[in-house]
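Engineer: My questions will all concern the structure given below.
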There are 2 protein chains.
Amino acid sequence: MKKRESKPTQVVKVGQVLVGGGFPVSVQTMGKQPLTNDLDDIRRQIRELHRRGCDILRFSVPDEESARCFSLLTRESPLPLVADIHFDHKLALLCIEGGAAKIRINPGNIGASWKVEEVVKAAADKGIPIRVGVNGGSLPGDLRNRPDKAEAMVEAAERELAILDKLNFQQVIFSLKASDPEETVKANEIFSLKYNFPLHLGVTEAGPLIPGIIKSTLAFQKLLSQNIGDTIRVSLSDSPEREVEAGKEILRSLGKKNGGVNLVSCPRCGRSTFDTHAFLARLENYLQGLEKDITVAVMGCVVNGPGEARGADIGITGAGDGVIIYRRGEIADKVPLSGALERFIEEIEKL
Amino acid sequence: MKKRESKPTQVVKVGQVLVGGGFPVSVQTMGKQPLTNDLDDIRRQIRELHRRGCDILRFSVPDEESARCFSLLTRESPLPLVADIHFDHKLALLCIEGGAAKIRINPGNIGASWKVEEVVKAAADKGIPIRVGVNGGSLPGDLRNRPDKAEAMVEAAERELAILDKLNFQQVIFSLKASDPEETVKANEIFSLKYNFPLHLGVTEAGPLIPGIIKSTLAFQKLLSQNIGDTIRVSLSDSPEREVEAGKEILRSLGKKNGGVNLVSCPRCGRSTFDTHAFLARLENYLQGLEKDITVAVMGCVVNGPGEARGADIGITGAGDGVIIYRRGEIADKVPLSGALERFIEEIEKL
């Protein structure tokens, strides 16, 4: 597949977030608990995800109760909320009416054409986009046994597009997700050569934390380095918070994101006097919400510690009974272990 | 940097593990606790790392007590053990005598040339290799401020090589690690164009679990896809077990490893009746030790579940109150949630 010319995709608005057109790649995740009457935990989670830099949040809406809860949440959410709907056009209408910033629904699954028309008309009236999500695990029956899954996924997307085209609806985001990273890459490469709709990237059912992050990193690296992809979700059998952290870190590591902390920290070994793991566990929560574009080094000992700590914007390294804090290459302070975290955060705040 | 011709590196033996020459890329990690008298925990960990597919294990040996413990461990370890030594040639001699399968030491840091000669002679007598580890955070003073860190790292490696060359010692593995993935990639690309010593890859001080895995995946993808790299370590501020899991998964995802489980599992959402996270937490421990070359799907619900579960060698998906188990695309069983794990493992064992 030849490298795509960087033809920008069209821009679509998801709440206040601009997706496509070369705007910064946004990071999204999905709520994992059913939407029920007791929304306090979910409200807390929405605020925490916002603090950690999540841009867009999606919920499954499988029934009317969920749709009602979804609509309550949209009123106060600092994040644009997306409703994920399968089959039932009434739920789509309820969520659009209830303030969804986008709906994810495949027109081909809704049924009768009057139902599709109603949903599309409602989205157009509210000015919200539709995401069409093609998934390698749930292709239409006649496409399921095609030898080339990536091409079958593109064809499935094109069928959905044909329906929306007829209704002259253009505010569409597409996703083409397979559980195999290579198939995901190929499907998105083919699609992006043919169309300029913004793409939501994801490796679906990528697995638990470690394999899920590795598969997503490999696929996103190949696509984002060709400027394919406008919003991403790292799909993990793990918490939404970790999905957001992974998504932000992938973008940062690929140079696709301004701001965000580059955390350099040592693996610890028998040489270390300073328990960097425990220190990091406490520091990371603070760093998740930080938008400063800095390198922070947390090092255990004197072998590589001073070098890395000096090279970072701010660094800390174990030394004997205490720690040394470096700021912009100079020693800022030497302090005992107790109080090291507070002192270190103080120095970070000054940057 | 042009793509390297696949000129094989020379082969070096680390215990029973062949490193270089196109042999399978091995996975290594490092013990993180000091080696002290109470070695029972460390013995347990060595066995567990072996069960999980770790190929080589390294320990820091900062003092004589550690060297003594190291030598005790080598006698019974099912894994080749490597001693990591800085500065002190006596510790190197003790560990070589004590059964180290490799030592990691930089001749340039040992001091007087007679000390270097003693260490090299001892390694040659025992037929064990030396790894020279160049680290971007601890370059020699005159190389520290070079504008191109990757080139400075290669030069540091060449100085070490010159010392070993004079002593006619060839059983050398090199590593060139920086905390920046791009610098790591570049240093290894330059080095591998000039020399055919086997390379140990790592992004040093890569950070905690999530950023550490992402940086390592990006760097290893670029290097291993050019056939650069003969053994890898994912350096994380986290446990050795997770370093091994990440290393194996990177190799598997890049097609560099035969065997090992491809785990497809859904992120869970409000639709799911089957708690895939909890199920996975229990299943993963079993899967870590499994060398079968299979795809296992663990899916929550009926939207994508049946498709993925059918496409895998073995799959399970939530359905109403119970689960459906698929084997090679056919329904093998329907069982209630209780007992699902045992039944699923039974089916995996049959493959």
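Engineer: Which whole-angstrom value gives the distance between the alpha carbon centres of segment B:16-93 and segment A:213-282?
Structural biologist: Comparing the Cα centres of segment B:16-93 and segment A:213-282, I get a distance of 29 Å.
Engineer: Can you list the residues of segment B:206-227 that have at least 40 square angstrom less accessible area with all protein chains present than in their chain by itself, probe 1.4 Å?
Structural biologist: So the qualifying set is B:P208, B:I210, B:P211, B:I213, B:I214, B:K215, B:T217, B:L218, B:Q221.
Engineer: In µm²/s, what is D for the protein assembly as shown at 37 °C and 0.692 mPa s, where D = kT/(6 pi eta Rh) by Stokes-Einstein and Rh is the Kirkwood radius from Cα pairs?
Structural biologist: Translational diffusion coefficient: 123 µm²/s.
Engineer: How large, in percent, is the carbon and sulfur part of the accessible surface of chain B at a probe radius of 1.4 Å?
Structural biologist: Using a 1.4 Å probe with all protein chains present, chain B comes out at 48 percent carbon and sulfur.
Engineer: Using each residue's phi in segment A:80-89, evaluate 6.51 cos²θ - 1.76 cosθ + 1.60 at θ = phi - 60° and report the 3J(HN,Hα) Karplus result to the nearest Hz, with x for Gly and Pro.
Structural biologist: Calculated HN-Hα couplings, in order: x, 9, 10, 9, 9, 10, 10, 6, 9, 5 Hz.
Engineer: Just to be sure I follow: if Rg is taken over the C-alpha atoms of segment B:142-254 and Rh is the Kirkwood radius over the same atoms, what is Rg/Rh?
Structural biologist: We get a ratio of 0.99 for segment B:142-254.
Engineer: Another question about this same structure. At most 12 other Cβ atoms within 10 Å and a DSSP loop assignment: could you name the trypsin sites (Lys or Arg not before Pro) in segment B:67-102 that fit?
Structural biologist: Listed in order of number, the matching sites are B:R75.
Engineer: Leaving out ligands, DNA and RNA but keeping every protein chain, what accessible area does A:L263 have, in Å² rounded to the nearest 10, with a 1.4 Å probe?
Structural biologist: Approximately 10 Å² of A:L263 is accessible to the 1.4 Å probe.
Engineer: Give, rounded to the nearest 20 debye, the magnitude of the charge dipole that the protein assembly as shown has about its Cα centre when Lys and Arg contribute +1 at Cβ and Asp and Glu contribute -1 at Cβ.
Structural biologist: 1360
Engineer: Per residue, how much accessible surface does the protein assembly as shown expose to a 1.4 Å probe? Answer in Å², no decimals.
Structural biologist: 38
Engineer: At 7 Å along Cα-to-Cβ for each site, give me the label-to-label distance between A:K166 and B:E342 in nm.
Structural biologist: Rounded to a tenth, the inter-label distance reads 5.4 nm.
Engineer: Now a separate question. Inter-copy label distances at A:E48, 7 Å along the Cα→beta-carbon direction, one decimal in nm, shortest first?
Structural biologist: Between copies, matching label points for A:E48 lie 2.6 nm apart.
Engineer: Then there's this: Apply the Karplus curve 6.51 cos²θ - 1.76 cosθ + 1.60, θ = phi - 60°, to the phi angles in segment B:251-264 and return the couplings in whole Hz, x for Gly and Pro.
Structural biologist: 4, 5, 5, 8, x, 9, 9, 8, x, x, 8, 8, 9, 9
Engineer: Need one number: nm distance between label points at A:E76 and B:K90, each 7 Å from Cα along Cα→Cβ, rounded to one decimal.
Structural biologist: Using points 7 Å along Cα→Cβ, the separation is 6.8 nm.
Engineer: Can you list the residues in segment B:267-293 whose accessible area drops by at least 10 Å² when all protein chains are present, compared with the chain alone? Use a 1.4 Å probe, heavy atoms only.
Structural biologist: Listed by number, the residues meeting the 10 Å² cut-off are B:P267, B:R268, B:C269, B:G270, B:R271, B:H277, B:L280, B:E284.
Engineer: Give, ordered by residue number, each residue of segment B:231-248 whose 1.4 Å probe accessible area is reduced by a minimum of 40 Å² on adding the remaining protein chains to the chain alone.
Structural biologist: With the partner chains in place, segment B:231-248 has these residues losing at least 40 Å²: B:S237.
Engineer: Tell me, what is the FRET efficiency for B:E64 and A:E330 to the nearest 0.05, using R0 = 41 angstrom and their Cβ-Cβ distance as r?
Structural biologist: Once rounded, the FRET efficiency stands at 0.70.
Engineer: Now a separate question. Counting pairs of Cα atoms in chain B, how many percent are more than 33 Å apart?
Structural biologist: Counting pairs separated by more than 33 Å, the tail of P(r) holds 35 percent.
Engineer: Between B and A, buried accessible area summed over both sides at probe 1.4 Å, in Å² to the nearest 100?
Structural biologist: Approximately 5100 Å², summed over both chains.
Engineer: Residues with amide H under 5 Å of A:N262's amide H, sequence separation 5 or more or different chain, H placed in the peptide plane at 1.01 Å from N; which?
Structural biologist: Amide H neighbours of A:N262, under 5 Å, 5+ apart: A:I294, A:T295, A:V296.
Engineer: Could you tell me what a quarter of the Cα convex hull surface of segment B:180-226 works out to, in nm² with one decimal place?
Structural biologist: Result: a mean projected hull area of 3.1 nm².
Engineer: Mind giving me the nanometre distance, one decimal, between the label points for B:N109 and B:N145, set 7 Å out from Cα along Cα→Cβ?
Structural biologist: Simple spin-label model gives 2.3 nm for this pair.
Engineer: Evaluate E = 1/(1 + (r/R0)^6) for A:K350 and B:E349, where r is the Cβ-Cβ distance and R0 equals 60 Å; express this FRET efficiency to the nearest 0.05.
Structural biologist: 0.55
Engineer: Shortest first and in nm to one decimal, what separations exist between A:E151 and its copies in the other chains, measuring from label points 7 Å along the Cα-to-beta-carbon line?
Structural biologist: Spacings between copies for this position, smallest first, are 4.7 nm.
Engineer: Summarise the partner chain shielding of A:302-312 as one whole number: the mean count of Cβ atoms from other chains within 10 Å of each residue's Cβ.
Structural biologist: Across A:302-312, the average partner-chain Cβ count within 10 Å equals 5.
Engineer: Oh, and also: Between copies, how close do the A:T295 label points come, placed 7 Å along Cα→Cβ, listed in nm from shortest?
Structural biologist: 4.0
Engineer: Residue-wise, which Karplus ³J(HN,Hα) couplings in Hz belong to segment B:163-168, taking 6.51 cos²θ - 1.76 cosθ + 1.60, θ = phi - 60°, and x for glycine or proline?
Structural biologist: 5, 5, 4, 4, 8, 6
Engineer: Report the paramagnetic label zone for B:Q16: residues of segment B:50-89 whose backbone N is under 11 Å from a point 7 Å from Cα along the Cα-to-Cβ axis.
Structural biologist: Under 11 Å, as judged by backbone N against the label point of B:Q16, lie B:78-80 of segment B:50-89.
The values are calculated or read from the model by the stated rules, or taken from the named source; none is laboratory data. A quick note: this is a predicted structure, and the numbers were derived from the prediction, not measured. With ideal geometry, Cβ positions are generated from the backbone for all residues, glycine too; neighbour counts draw on all protein chains shown. All accessible areas refer to the heavy atoms of the entire protein, side chains included, with ligands and DNA or RNA removed. Shrake-Rupley method; radii C 1.70, N 1.55, O 1.52, S 1.80 Å.
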